Each structure stands twice: as structure tokens, then as C-alpha cells.
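Laboratory data are not the source of any read-out in this text; all were calculated from the coordinates shown. Being a predicted model, the structure only gives us computed values, none of them experimental. Reconstructed Cβ throughout: ideal geometry from the backbone, glycine too, with neighbour counts over all protein chains shown.
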Amino acid sequence: MSNSELHSAKARERAVVTGAGGFIGHHLVKFLKRQGYWVRGVDLKVPDYAPTAADEFVVLDLRKAEEAARATRGVDEVYALAADMGGMGYISSHHAQILYHNSLINLNTLESARVNGVKRYLYTSSACVYPEFLQMDANVVPLKEEDAYPAQPQDAYGWEKLISERLCRHYHEDYGLETRVVRFHNIFGPEGTWDGGREKAPAAMCRKVAQAKLTGDPVVEIWGDGEQTRSFCYIDDCVVGITKLVRSDHREPLNLGQDRMVTINQLADIVAEIAGIRIVKKHVPGPQGVRGRNSDNSRLRRVLNWEPQISLEAGLRRTYGWIEEQVREQLVGAKPRA
Ligand code: NAD
């Protein structure tokens, strides 16, 4: 097949990205467009920080079956990213709402994809499915996909993800729908939520450090003692990993994240160094999630013959630069006019 034939073959592929008004969905739409796809974006809202690259963007509520049917009509592939979600502060305080909303979203989206004859379906699960009892120590053993059972996720958010993973498996077994399941480990990058309560640790840390830099007050609040550990994966690696998984024949859940673990205190130090300032860490009570979490990428490497490439420092430099701009604009806007 020549390059132009390949391009036009890809151009005929039609995909819908749900949650396209959110962080990962917005970036995934851009990436699929660059691959030559025709893309429909679906969300409750348009993206917050930049116009969508989608060919068509439809505001729909996937908690409603008829709107999910509209979302998945006439496409070959569904990238199911829509979710009621946020960082630890949000997830640990909205259990019932998250379980209710996300169950409806995923039941409706998967069933309507089946009815509409979709060929491939990607479901975005989370490292939050892993049992709390395996994550009690900051120096945690990296989590393998099979560790999800026996199940004991910490939050309702994780329980719902497990059920929807299961649903994908049964839709394949019972109806032949080609389903893929990815478990993200802390994805971060520019053009994602950075304030308002739903932001996750890397964005929150960039915001706090930028505020310290721009206001001259060096105090940066950290929830807990800051010795809790995580790994963080940059958004450009995330969208590459997603599309590699969709093209693969791997139907079992697959981790997608970095396997370099850092403490939240170390994360703060890296961001402060990027910002070029000295900070004073103030440890305050706050939700911390599990004590330690890291991704075991053995299966990722084996299945995709690939793993995330972008270092934490490189990703944070790009993210910090964007968030510092947002904070600067916010501070200017907050100043009384002369
Ligand atoms: P996000 O909150 O930025 O995006 C989710 C989008 O879904 C939002 O724009 C929201 O408006 C939309 N949505 C919510 N309810 C909806 C509804 N009823 N109908 C239509 N749209 C609706 O989150 P994200 O970080 O981009 O995450 C994308 C997916 O990846 C989610 O399923 C999330 O659970 C999963 N995930 C993300 C991470 C991460 O680190 N960001 C980690 C693990 C899993």
C-alpha cells in the first residue's frame, strides 16, 4: 500500500472520543486527527483551554441512553474516556455520585456501541482498581495487572472501573465486540484541570509552586507528610500508548504509566527547581489516597513492544510552563484596575 493509499484508508476510519472536553480526551482527539482519522468529540462541555480539533463536537450527556446512542452512531471505533472524576480530594468525597454517574455512562456507551455495530472499543480504567492492601507502604511493590484480584479498591471510583472492565470482557465474550482496557497511572500535562478542586497532584503542585513564585510567598502546602509515592506519565506518551493498545490484539487490562516512583515531596522539589525558586513545604492534613503506588510495566513492554519515553522532568517542564501562564493571568485578572 502506498503512502497516499494508507493515508486515505486511515482517513476513512471514524472514531468517537467521549470525554473529549476533558484533559486526556482533548489531547487524544488532536492525536487521532494527526493520524488521519475523522473524529467526533462528545462531552458535557467543550474543552476549557483550547478549541477542539474534532471534525464534529457534540454536547451530550452519556448518562442518558438515547444520547449515548447518538454519540456512537456511524463510527468504527469508540474511545470511552468520559467520567465523573478528579484528584484525591474529589474522588474521596463523592463516592455515591461517582459510582452512579460513571456506571450509567459506561453501561450506556458500551451497549450503544454494540447496537450501533462499532468495531473496536477502548475503555479507560485506572490504577485505582488495585487493592488497597497492596498499597499500604510507600516503598510499594509495582502493581501487575493480575494483582487487581482479589478486589479491594480504596474508593467507589475504583470499584466502578472494575465493573466496567468486566463489562467489556463480557461484551467481547457474548457479542464479539473487540474491547480493549487500559489502566492509566497518573497522566499529566498542559491543558488539563489545574484549579477548582478536581485537579490532580502534578497540576496542583505546579499551581502552588507558580503561586509561590509569582506572589513571593514561598510556602507550599502538601497534603499529609508528603512521603506517599506515585509514578506520573506525560500525556504525549499516554495517547501513543492508547492507540498502540487499540491496534493490538490484547483484550485483557493493561497498565499504562511510568514505573519511576517519586514521593510527593520529591515532586514538589522537582517542580520548584523547574520554576527556579526555593519553596517552604508546609504539611497539612488532607486526603492522600493509598500510601504507595507504582506501575509494573512488564506486560506493557511485552504486549506493545514499547513503554513511555518522556521523563518526569521533561513532562513537568512543559506542564509547569503552561500552568505558570494560567496562574499569571489569574493574578493579573484579580488585581483591582487602576
Ligand atoms: P477529565 O475529567 O479531564 O475528563 C473527563 C470528561 O468526561 C470531562 O470533560 C467531563 O465533562 C466528561 N463527562 C463527565 N460526565 C459526562 C457525561 N455524563 N456525559 C459526557 N461527558 C461526561 O478526566 P481525564 O483525566 O481526561 O480522564 C479521562 C479518563 O481516563 C477517565 O475515564 C478517567 O477516569 C481515566 N483516568 C484518568 C487518569 C488521569 O491520571 N488523568 C488516571 C486514571 C484513569
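Just the number, please: percent antiparallel of the DSSP beta bridges in the chain, rounded to the nearest 5.
Counting only bridges with both partners in the chain, antiparallel ones make up about 5 percent.
Expressed as a rounded percentage, what relative contact order does region 1-156 have, with Cα pairs under 8 Å and six or more residues apart?
20
What FRET efficiency, computed as 1/(1 + (r/R0)^6) with R0 = 30 Å and r the Cβ-Cβ distance, is obtained for K144 and V332, rounded to the nearest 0.05?
Working from the Cβ atoms, E equals 0.05.
Say R0 is 25 Å: what FRET efficiency, to the nearest 0.05, do V58 and S93 get from their beta-carbon distance?
After rounding, the FRET efficiency stands at 0.25.
Can you give the calculated 222 nm mean residue ellipticity of the chain, where each DSSP H run of n ≥ 4 adds -39,500 (n - 2.57) and the sum is split over every residue, rounded to the nearest 500 deg cm²/dmol?
On the way: 11 runs with 143 residues, N = 338.
That calculation yields -13500 deg cm²/dmol at 222 nm.
Would you work out the relative contact order for region 256-323, in percent, from Cα pairs under 8 angstrom that are 6 or more residues apart?
About 51 percent, as a whole number.
What distance in nm separates the simple spin-label points at E273 and W306, each placed 7 Å from Cα in the Cβ direction?
Result for the modelled spin labels: 2.9 nm.
Could you state the orientation-averaged shadow area of the convex hull built on the Cα atoms of region 209-338, in nm² to one decimal?
Dividing the Cα hull surface by four gives the mean projection, 10.0 nm².
What's log10 of I(q)/I(0) for region 137-295 at q = 0.18 Å⁻¹, Debye sum over Cα points only, no solvent?
-1.18
What is region 201-268's relative contact order, in percent, from Cα pairs under 8 angstrom and six or more apart in sequence?
The value is 44 percent.
What distance in nm lies between label points placed 7 Å from Cα along the C-beta direction at R73 and V280?
6.1
For L122, what residues show an amide H to amide H distance below 5 Å, using hydrogens built from the backbone and excluding near sequence neighbours?
Long-range HN contacts for L122: V78, Y79, A80, R180.
Taking amide H positions as placed in the peptide plane 1.01 Å from N, state which residues far from C233 in sequence (5 or more) or on other chains have amide H under 5 Å from it.
Long-range HN contacts for C233: I187, F188, Q258.
In the Gaussian network model of the chain, springs joining C-alpha atoms below 10 Å, which of G321, G289, G189 carries the largest mean-square fluctuation?
Residue with maximal mean-square fluctuation among G321, G289, G189: G321.
List, in order, the whole-Hz ³J(HN,Hα) value for each residue of region 60-73 obtained from phi through the Karplus relation with A = 6.51, B = -1.76, C = 1.60 and θ = phi - 60°; use x for Gly and Pro.
Working through the residues one at a time gives 9, 10, 6, 6, 9, 4, 5, 7, 5, 4, 5, 5, 9, 6 Hz.
Once the piece of chain linking K33 and R251 is laid out straight, how much longer is it, given 0.36 nm per residue of separation minus the C-alpha distance between them?
Taking 0.36 nm per residue and subtracting the Cα distance, the gain is 76.0 nm.
When the scattering of the chain is computed by the Debye formula from its Cα atoms alone, each counted once and equally, what is log10 I(q)/I(0) at q = 0.10 Å⁻¹?
-0.59
Out of the DSSP beta bridges found with both residues in region 216-338, what percent are antiparallel (nearest 5)?
Of all bridge pairs located within region 216-338, approximately 25 percent are antiparallel.
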